[in-house]
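Since the structure comes first, as structure tokens, the remarks are kept for the end.
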Amino acid sequence: MKREEALQHFMDECVSVHASRLQEKVDRQFRQEKKALLQPIIHSLERLFENIREQQEQGQLAPVAFIHLSLLRTSLLDNKCTYLLEAYGEKWYYDWVECTAQYKAEWLSEAIIDLHKTLEKERKPYLLIQAADVRGIIQQTVILFHQYIIQLVRYLFRYQKEHVPEIDFQRAACLRFRVGEYKGFSEDVVIIDERERVEKNLLSWLDSRSATHIRTYASNGEASPSCHGGSSGHGRPERRRCRSIPGSSSRQCVYLCQKFYYRWNGGSFETNTSAR
């Protein structure tokens, strides 16, 4: 039997069987002990948020736009499953300031240790399969367990929001939590977009007033004086935060007023010359 044939036989007869067995075990643990498994992730987020606050107080870190949970594949060489938590500004990977914490998924480490010991024992009759091959196989099959970390983070932010550490640091308008490979492929699991909240507040505010009240200002590319507390005396709204729409700036208000006026007006803008 050639080496390629031996590896394929080993994958079909041994790896797939034991990987499936351990995945079923991990899946049961995930479903039955979900809340307990969240605690280490919560503690890791607390440490990361504390590091973010400290670095921002020292002026070292920009408002955070990305929080990335990365699987450290080098940890698999020690039969451990460790994740690196990193905070980035809007430049993402081009932000060279390091702000990190670690999360050790002990429950997945147990599965990896079990798989490694089993495959080491099973490979002995295959004289052409070496220990390095087993390490390579574990690197490939870890993705079966990695998906449970993605689901845990989603579960935390969707159904256990009260246990999410307070996000009391400076952040960008859109904050994304991503899970994936270190400096590689990752996916959004949580998006906290402040712009959506402002839009909802504006929509609610507009609904409480007539479209006529907004039409004059929106069609002229201006925000309503009532949004900004009046005019500056030169026919322009003052550049201060909108009092009626919490968290919105003057520029946001102008843009959003135009946006919703566009909807109300049947998908077209009209110039209101009488207001000029």
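Quick notes
- Test set (1) in a loop (DSSP other than H, G, I, E, B); (2) touching a Cys at 6+ places or on another chain (Cβ under 7 Å) - residue 55 fails condition number: (1)
- Look at (1) without any contact (Cβ under 8 Å) to a residue 40 or more places away in the chain; (2) more than 22 Å from residue 189 (Cβ to Cβ); (3) of a type outside the set (S, T, N, Q) and you find that residue 86 fails only one, number (2).
- So residue 73, is it at pLDDT 95 or above and basic (Lys, Arg): no
- Filter result (surrounded by 13 or more Cβ atoms within 10 Å (Cβ to Cβ) and either outside any loop (DSSP other than H, G, I, E, B) or touching a Phe, Trp or Tyr at 6+ places or on another chain (Cβ under 6 Å) (or both)) within region 94-106: 95, 100, 101, 102, 103, 104
- A residue that is of a type in the set (A, V, I, L, M, F, W, C), modelled with pLDDT under 90, closer than 24 Å to residue 38 by Cα and open to solvent by 40 Å² or more (accessible area, probe 1.4 Å) cannot be found anywhere in region 193-203.
- Yes/no for residue 32 being open to solvent by less than 90 Å² (accessible area, probe 1.4 Å), farther than 24 Å from residue 138 by Cα and free of Cβ contacts under 8 Å to residues at least 24 places away in the same chain: no
- Subset of region 165-192 that is open to solvent by 50 Å² or more (accessible area, probe 1.4 Å) and under 20 Å from residue 40 (Cβ atoms) - its residue that is modelled with the lowest pLDDT: 182
- Residue count for region 43-91, restricted to those that are on the phi > 0 side of the Ramachandran plot and surrounded by 13 or more Cβ atoms within 10 Å (Cβ to Cβ): 1
- Selection status of residue 134, buried (at least 18 other Cβ atoms within 10 Å of the Cβ) and free of Cβ contacts under 8 Å to residues at least 24 places away in the same chain: yes
- Here residue 109 does not qualify as buried (at least 18 other Cβ atoms within 10 Å of the Cβ), in a helix (DSSP H, G or I) and free of Cβ contacts under 8 Å to residues at least 12 places away in the same chain.
- Of 162, 122, all but one fail to be in a helix (DSSP H, G or I), open to solvent by 60 Å² or more (accessible area, probe 1.4 Å), in contact (Cβ under 8 Å) with a residue 40 or more places away in the chain and not β-branched (Val, Ile, Thr); the exception is 122.
The values are calculated or read from the model by the stated rules, or taken from the named source; none is laboratory data. Bear in mind the structure is a predicted one, so any value in this text is a computation, not a measurement. Backbone-built Cβ (ideal geometry, glycine too); neighbour counts: all protein chains shown. What goes into the accessible areas is simple: the full protein's heavy atoms, side chains included, and nothing from ligands, DNA or RNA. Shrake-Rupley method; radii C 1.70, N 1.55, O 1.52, S 1.80 Å.
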